[in-house]
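First the structure, in the form of structure tokens, and then the observations on it.
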Amino acid sequence: MVRRRTSIHGEWSSRWAFVLAATGSAVGLGNIWKFPYITGENGGGAFVLVYLLCIAIIGIPIMMAEVMIGRRGRQSPVNTMYNLGIEAGSTSHWKWLGWLGVVGGFLILSYYSVIAGWALDYIFKTAAGTFTNANAEFVSRTFGHFINSPATLLFWHTVFMLMTMVVVAKGVNGGLEKAVRFLMPSLFVLLVIMVGYAISTGEFMRGLAFLFEPNFDNLLYKHEAGGQFILNTDGEKIFTLEYVLIAMGHAFFTLSLGMGAIMIYGSYLPHNASIAKTSFMIAAADTAVALLAGMAIFPVVFANQLDPGKGPGLIFETLPLAFGNMPGGMFFGTLFFILLVFAAWSSSISLIEPAVAWLVENKNMKRVSASVIMGIACWLVGVLTVLSFNVWKNVHPIDFWVFKNKTFFDVLDYLTANIMLPLGGLAIAIFSVWIMSRSSTSDELDMKENTFAYNLWYFMTRYVTTIAVLVVFANLVGLI
Ligand code: PFF
């Protein structure tokens, strides 16, 4: 058996610190901004069902595998994969999996920061009473105006990137723990209040039906965002697993899986913590937040005759309506956007941590310099996203295959969430059950070999997860 390592970056003070930090990483814009708008674009119920299934049968096993690998390796994902590859008698080329994550996290943060910037701006808009008694037309116009100003978007993107870098420079196990401890419950309570308002709109049941009544045609046949099926020359609907891929990609995105973020948090995890229990808790909290957000938003969409397939602006064009018209809305609205920024903040830190940890380990850099370099580089790439919503909204940089008609932002989002993360997750699954030995995985997971729980994890990871991801990818590249 291999001697257990310790991390040079420090360790969480307890298992709870890890749960909080990992939940902080998981719960973010993915739950509150992305989940509702992609659910709207992809027709609701069936999409949500597949997303939930993906969380249960792919997300949880891969989360366990990723935390386990992180704790065994105790270094940045690149070095962890390098060492564990050799330790398992395979090759050091597994380090490329670490690299996939470093690049993926970097690219995600570049646009994540821009969207978090929108939430920052909306704190001030809401606090200033902009939305008091507003109607749908006004809220839409306000958002349109905002998004059309590259300078404003750039300003908030800069502020958010600075916020992220300050925390990363200090090291992840400082204030993060405290912030998340207070943030998560508050966000939860606020979402419940917003669901309360959604009930009062009179369209709550319609919102629920949209979220939970599956219509598989919407999922399995090509359609425009939010409606209209696309037909082939014979006038028939065109089968695709692309929306299944989007649901699966989102399961990875929302749980922060497939790119080493959870792996690096796992590397700071003390040895007495149960990985299975913590993974369940994190996945459950994350899913609850997303579903509450959906329940708060869709009734408002229908009560105001808005289009659920509006795209990335969806929450910014619906929630202000709720805040503008509910009692205490100015207060709750301001608080909501503050909490959303916090949630995004605790996620953004984990996006860049693998890259920073690698610079510290391999290039002998100080955390501060590593953070500054990464921050500036990431900020620069973020400019592409800023411009995607205005000056370059008709620019389609890679105009073929799945990237057809996509802006820079769309391309970055698709490439990272729907390709890189599932690919990373697949590699993590393969590594943990085909390359690592059963004795080292059971030892690190703190599960006895041949117990039901261990065998369940092993079976899911070895067959279900791997095959599911492969089938969806095979469809994407036209093999099936
Ligand atoms: N899970 C985060 C969210 O849902 O907003 C986003 C994210 C963070 C994705 C960290 C990937 C990651 F490694």
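The values are calculated or read from the model by the stated rules, or taken from the named source; none is laboratory data. Computed from a predicted model, the values in this text were never measured in an experiment. Cβ atoms come from the backbone with ideal geometry, glycine included; neighbour counts cover every protein chain shown.
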(request) Would you tally the residues in the stretch 362-374 being in contact with a Ser or Thr (Cβ under 9 Å, 6 or more places away or on another chain) and either within 16 Å of the ligand (Cβ to nearest atom) or among the aromatic types (Phe, Trp, Tyr) (or both)? (result) 0
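One residue is enough: does the stretch 292-302 have a residue meeting the conditions surrounded by fewer than 23 Cβ atoms within 10 Å (Cβ to Cβ), modelled with pLDDT of 90 or more and within 16 Å of the ligand (Cβ to nearest atom)? Even if it seems obvious, please write down each step before you answer.
Restricting attention to the stretch 292-302, the residues satisfying the condition of being surrounded by fewer than 23 Cβ atoms within 10 Å (Cβ to Cβ) are 292, 295, 302.
Checking the rest, the ones that are also modelled with pLDDT of 90 or more come to 292, 295, 302.
Filter again for within 16 Å of the ligand (Cβ to nearest atom), leaving 292.
Yes, the stretch 292-302 contains at least one residue that is surrounded by fewer than 23 Cβ atoms within 10 Å (Cβ to Cβ), modelled with pLDDT of 90 or more and within 16 Å of the ligand (Cβ to nearest atom).
Among the candidates 114, 103, 67, which residue alone is surrounded by fewer than 19 Cβ atoms within 10 Å (Cβ to Cβ), touching a residue at least 60 places away in the same chain (Cβ under 8 Å) and within 15 Å of the ligand (Cβ to nearest atom)? Can you show your working first?
Details: 114 fails: surrounded by fewer than 19 Cβ atoms within 10 Å (Cβ to Cβ); 67 fails: surrounded by fewer than 19 Cβ atoms within 10 Å (Cβ to Cβ).
After applying the criteria, what remains is 103.
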(request) State which residue is modelled with the lowest pLDDT when the search covers only the stretch 10-25 and only residues that are of a type in the set (Gly, Ala, Ser) and under 14 Å from residue 345 (Cβ atoms). (result) 21
(request) Take the stretch 123-144 and flag every residue that is charged (D, E, K, R) and either in contact with a Cys (Cβ under 7 Å, 6 or more places away or on another chain) or farther than 20 Å from residue 160 by Cβ (or both). (result) 137, 141
(request) Show the residue pairs that are 6+ apart or on different chains and have beta-carbon atoms under 6 Å apart, the first residue being within the stretch 17-29 and in contact (Cβ under 8 Å) with a residue 12 or more places away in the chain, the second being near the ligand (Cβ under 10 Å from one of its atoms) and not in a helix (DSSP H, G or I). (result) 25/256; 26/255; 26/256
(message) Which residue is farthest from residue 468 (Cα to Cα), if the candidates are limited to the stretch 227-262 and must be surrounded by fewer than 23 Cβ atoms within 10 Å (Cβ to Cβ) and of a type in the set (Gly, Ala, Ser)?
(response) 235
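What's the total number of residues in the stretch 237-265 that are away from the ligand (no atom under 12 Å from the Cβ), of a type outside the set (Phe, Trp, Tyr) and either free of Cβ contacts under 8 Å to residues at least 12 places away in the same chain or touching a helix residue (DSSP H, G or I) at 6+ places or on another chain (Cβ under 8 Å) (or both)?
So in the stretch 237-265, the residues away from the ligand (no atom under 12 Å from the Cβ) come out as 237-248.
Of the ones still in play, those that are also of a type outside the set (Phe, Trp, Tyr) are 237-238, 240-242, 244-248.
Adding the requirement that they be either free of Cβ contacts under 8 Å to residues at least 12 places away in the same chain or touching a helix residue (DSSP H, G or I) at 6+ places or on another chain (Cβ under 8 Å) (or both) leaves 237, 240-242, 244-248.
So the answer is 9.
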(message) Give all pairs with beta carbons closer than 6 Å in which a residue from the stretch 417-434 that is under 24 Å from residue 455 (Cα atoms) and within 16 Å of the ligand (Cβ to nearest atom) meets a residue that is aromatic (Phe, Trp, Tyr) and modelled with pLDDT of 95 or more; count only pairs at least 6 apart in sequence or on separate chains.
(response) 422/252; 425/252
(message) Criterion first (closer than 25 Å to residue 374 by Cα and part of a helix (DSSP H, G or I)) does residue 59 satisfy it?
(response) no
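Hey, can you tell me all the residues within the stretch 336-361 that are closer than 21 Å to residue 123 by Cα and within 11 Å of the ligand (Cβ to nearest atom)? Working first, answer last.
Our first condition is that a residue be closer than 21 Å to residue 123 by Cα; within the stretch 336-361, this holds for 336-349.
Within the stretch 336-361, 340, 343, 344, 345, 346, 347, 348, 349 qualify.
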(message) Filter the stretch 77-114 down to the residues that are more than 23 Å from residue 283 (Cα to Cα) and either of a type in the set (Val, Ile, Thr) or part of a loop (DSSP other than H, G, I, E, B) (or both) and list them by number.
(response) 78, 80, 86, 88, 89, 90, 91, 103, 114
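Might you let me know whether the stretch 208-216 holds any residue that is of a type in the set (D, E, K, R), in contact (Cβ under 8 Å) with a residue 12 or more places away in the chain and more than 22 Å from residue 473 (Cα to Cα)? Outline the logic, then answer.
Filtering the stretch 208-216 down to residues of a type in the set (D, E, K, R) leaves 213.
Retained after the next criterion (residues that are in contact (Cβ under 8 Å) with a residue 12 or more places away in the chain): 213.
Keeping just the survivors that are more than 22 Å from residue 473 (Cα to Cα) gives 213.
Checked the stretch 208-216: at least one residue is of a type in the set (D, E, K, R), in contact (Cβ under 8 Å) with a residue 12 or more places away in the chain and more than 22 Å from residue 473 (Cα to Cα).
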(request) Could you look through the stretch 212-255, keep only residues that are β-branched (Val, Ile, Thr) and touching an Asp or Glu at 6+ places or on another chain (Cβ under 9 Å), and pick out the one that is farthest from residue 286 (Cα to Cα)? (result) 230
(request) Identify, by number, the condition in (1) within 16 Å of the ligand (Cβ to nearest atom); (2) surrounded by fewer than 20 Cβ atoms within 10 Å (Cβ to Cβ) that residue 90 doesn't meet. (result) (1)
(request) Of all residues in the stretch 13-55, count the ones that are more than 11 Å from the ligand (Cβ to nearest atom), crowded, with 24+ Cβ neighbours inside 10 Å and outside any helix (DSSP H, G or I). (result) 3
(request) All but one of (1) over 30 Å from residue 200 (Cβ atoms); (2) surrounded by fewer than 24 Cβ atoms within 10 Å (Cβ to Cβ); (3) within 16 Å of the ligand (Cβ to nearest atom) hold for residue 287, so report the exception by its number. (result) (1)
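Yes/no per residue for (1) more than 16 Å from the ligand (Cβ to nearest atom); (2) part of a loop (DSSP other than H, G, I, E, B):
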site	(1), (2)
160	no, no
164	no, no
208	yes, no
235	yes, yes
(message) If a residue counts only when it is out of contact with any helix residue (DSSP H, G or I) (no Cβ under 9 Å at 6 or more places or on another chain), which helices (runs of 4 or more DSSP H) contained entirely in the stretch 371-480 have at least 1 such residues?
(response) 438-445, 452-459, 466-476
(message) Checking residue 480 against (1) at pLDDT below 90; (2) touching a Phe, Trp or Tyr at 6+ places or on another chain (Cβ under 7 Å): exactly one of these is not met. Which one?
(response) (2)
